[in-house]
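Each remark here refers to the structure printed beneath this line.
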């Protein structure tokens, strides 16, 4: 224990303090599709993401969730009319390589932003963590993170 914190929290805080946060210039939509709608979307390859901006497709047993930038969303919106859609998100990427032994990194980010009253949608890739925040909360989120990170880009 260091400063009364468990070792994993100290490690997570140290990683966070060395992280650069990159704010993606794009605005994103989060889309909830039924499996049937997802299958019909797959039948139309012209509706695939452009591959120039980050995107996410996650399928679980309840739904298929897509995170697309505004341009890709405008391409597919006619095909997903009955989908649940939330728009106006910005992507914050924590540019620190995280191993699978890191515990509590996203928990620390979540706590900082929760203390600031900011709702997030966490997203993880193989080696990086990201959060989506509403555009209206972006400045507040960056202010909340400033004392805990190395740099905002």
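Nothing in this text is a laboratory measurement; each read-out follows from the coordinates by a stated rule. In this text, all values refer to a predicted model and were calculated from it rather than measured experimentally.
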Quiz prompt | Degrees, to the nearest 10: 105-115 long Cα axis against longest axis of the chain | solution = 90
Quiz item: So how far, in whole Å, is the C-alpha centre of region 15-72 from the one of region 83-105?
Solution: 13
Self-check item: Semi-axis lengths (Å, descending) of the ellipsoid that matches the C-alpha gyration tensor of region 28-86
Solution: 16, 12, 11
Practice problem: Report the far tail of the P(r) of region 82-153, meaning the percent of Cα-Cα pairs longer than 18 Å. | Solution: 38
Exercise. Would you please state the base-10 log of I(q)/I(0) at q = 0.13, 0.15, 0.17, 0.19 1/Å for region 14-139, with intensities from the Debye formula using one equal scatterer on every alpha carbon?
Key: -0.58, -0.75, -0.93, -1.09
Exercise. Please determine, in degrees from 0 to 90 and to the nearest 10, the orientation of helix 7-17 with respect to the longest principal axis defined by the Cα atoms of the chain, where the helix direction is its Cα long axis.
Key: 70
Quiz item: How much length is gained on full extension from residue 146 to residue 8, taking 0.36 nm per residue of separation minus their Cα-Cα distance?
Solution: 47.5 nm
Exercise. Report the antiparallel proportion of the DSSP beta bridges in the chain as a percent, rounded to a multiple of 5.
Key: 95
Quiz item: Relative contact order (percent) for region 28-86, with alpha-carbon contacts under 8 angstrom and 6 or more residues of separation?
Solution: 52
